[in-house]
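Notes for the one structure printed next.
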Amino acid sequence: MNLPLWGVRVLEYAQYVAGPLCGVLLHDLGAEVVKVEPPAGDGYRYVMPVAAGLGRYFVPLNRGKRSVVLDLKSEKDRERSAALLATADIVLHNYQPERAAAFGLDGDELLSSRPELVVGVVTSFGQEGPLAGTPAYDLVAQARSGLLTSHAGPGDTVPVRAGGIPMADLTAGYLLASSVLAALVSARTSGAGSVVDVSLLAAAVAVQVQDLVWLEGEGDARARTATPADLASRADEIAGGISMNPYYRCFATRNGFLAVACLNAAQRRAFLALFGLDDPTVDAPDIVPSDREILTAKRRLTSEIEHRFEDEPASAWLERLAAAGVPASPVLMRESVHADEQVVASGLVAEVEQPGLGRVRMLGSLVGRRGEAEAAPLLGADTDAVLGELA
């Protein structure tokens, strides 16, 4: 296969989510990814364990890589690491600055001897500011960025991650991959490599790009810690928004949930026609819904549609919505998505023979090696082979 990163070698010293996600994306584009792990292995091997040295989350984030074990606290293994680094085009790590320097992974030092190298670094809070160099994980970045308070449900007594997703970690991984690829293009054309830094805080802020807008007079004058009252207010705000917007939300039918998404007037008119209902604001999109009469009418309309949906099964409604040209979908449980006919037809799921686990279904490559996936490496499985290539 003529993939764009054939011949590119990536040394991945990163652990957990963001760096390994970047590494697997580069693998999917054709790069050889050598995962350099400490003797105990990437810490994610032991989160949600499903077999010895294999965590449920580790497997999809590390498929197709080769695993080499090096103890970077050992002078001998630092020398081996230096020999490996001399063969790399891209280096990924998530060590804090002091430890990176001690392990021979300081970006500026690497560029001094390999000026064409690309170094991708994941940090917690970036290189500047009072928290630079402070360790953190996804949940802390979400808390600091305000993302953790963007979702609140009735009865929530403390903030929770929406969907339980490590949004900062995942976004940082995608941002790092795109930034590293841009740096690689520059290095190949100019001969000048670079150090690319992506922080979890920046990623958590970036994912809120459409919401982080403060008009004149809005927003707090200083950073303020959320309180239970704030959480309750946000839950009410979300519930109020749902009660006023029947066009972009989920509904309960007789036997399950479905989602409806109408973002233009034509779709909204078609949606209303299914119920024989009318909404004057559909053809007046500039109306700001602040008038009490408008708000009351919106809530009444939404309530009526909710009751209509409850009368029939989801399948019947989905047929009608599709015929009317209204975007809609059943709401699937995450554990059943691998069996969805569209997911399967799109090649999003691949079956892999995973050593230690047997047959495993997981997300396959979305780019490059579309529809394919390879097993994640057992800890140190490729140490002798990779180091032997240096001889």
**Loop sites in region 16-73: trypsin sites (Lys or Arg not before Pro), DSSP, at most 16 other Cβ within 10 Å** = Arg56, Lys73
**Prompt:** Just Asp236, Asp106, Asp89 to compare: in a GNM of the chain, with alpha carbon springs under 10 Å, which one fluctuates most?
**Reply:** Asp236
**Request:** Determine, from the Cβ-Cβ distance of Glu79 and Thr157 and an R0 of 35 Å, the FRET efficiency 1/(1 + (r/R0)^6), rounded to the nearest 0.05.
**Result:** 0.10
**Asked** For region 263-269, what does the Karplus curve 6.51 cos²θ - 1.76 cosθ + 1.60, with θ = phi - 60°, yield as ³J(HN,Hα) per residue in whole Hz, taken in order and with x for Gly and Pro?
**Response** 10, 9, 4, 4, 5, 5, 5
**Asked** Check Val349: other-chain or 5+ apart residues with amide H under 5 Å from its amide H, H built from backbone geometry?
**Response** Gly364
**region 228-334: C-alpha pair distances exceeding 24 Å, %** = 26
**Item:** Number of Lys pairs (Cα under 24 Å; 8 or more positions apart or on different chains) in the chain
**Value:** 5
**Prompt:** Hey, rough spin-label estimate for Arg361 and Thr87, points 7 angstrom out along Cα→Cβ, what's it come to in nanometres?
**Reply:** 3.7
**Request:** Could you list which residues have their amide H under 5 Å from that of Gly120, counting only those 5 or more apart in sequence or on another chain, with H placed in the peptide plane?
**Result:** Val91, Leu92, His93, Val196
**Item:** For the chain, calculated [θ]222 nm from helices alone, where every DSSP H run of n ≥ 4 adds -39500 (n - 2.57)
**Value:** -11000 deg cm²/dmol
**Asked** In whole Hz, what ³J(HN,Hα) sequence does region 114-120 give by Karplus (6.51, -1.76, 1.60; θ = phi - 60°), x for Gly and Pro?
**Response** 10, x, 8, 6, 10, 10, x
**Message:** Spelling out what I want: for every residue of region 252-261, take phi, set θ = phi - 60°, compute 6.51 cos²θ - 1.76 cosθ + 1.60 (Karplus), and round to whole Hz; glycine and proline get x.
**Reply:** 8, 9, 4, 9, x, 9, 9, 10, 10, 9
**Fill in**
For the Val343, Ala51 Cβ pair and Förster radius 22 Å, calculated FRET efficiency rounded to 0.05 is 0.30
**Relative contact order (%) - the chain, alpha-carbon pairs under 8 angstrom, separation at least six** = 19
**Expected-Rg normalisation [2.2 N^0.38 Å, Cα atoms] applied to the chain** = 1.18
**Item:** For region 61-77 and region 200-257, distance of Cα centres in Å
**Value:** 42
**Request:** Express the relative contact order of region 228-334 as a whole percentage, based on alpha carbon pairs under 8 Å and six or more residues apart in sequence.
**Result:** 38
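Here, each number is a calculation from the coordinates, and none is a lab measurement. Remember, it's a predicted structure, so these values are computed and weren't measured experimentally. Here the Cβ is made from the backbone with ideal geometry for all residues, glycine too, and neighbour counts use every protein chain on show.
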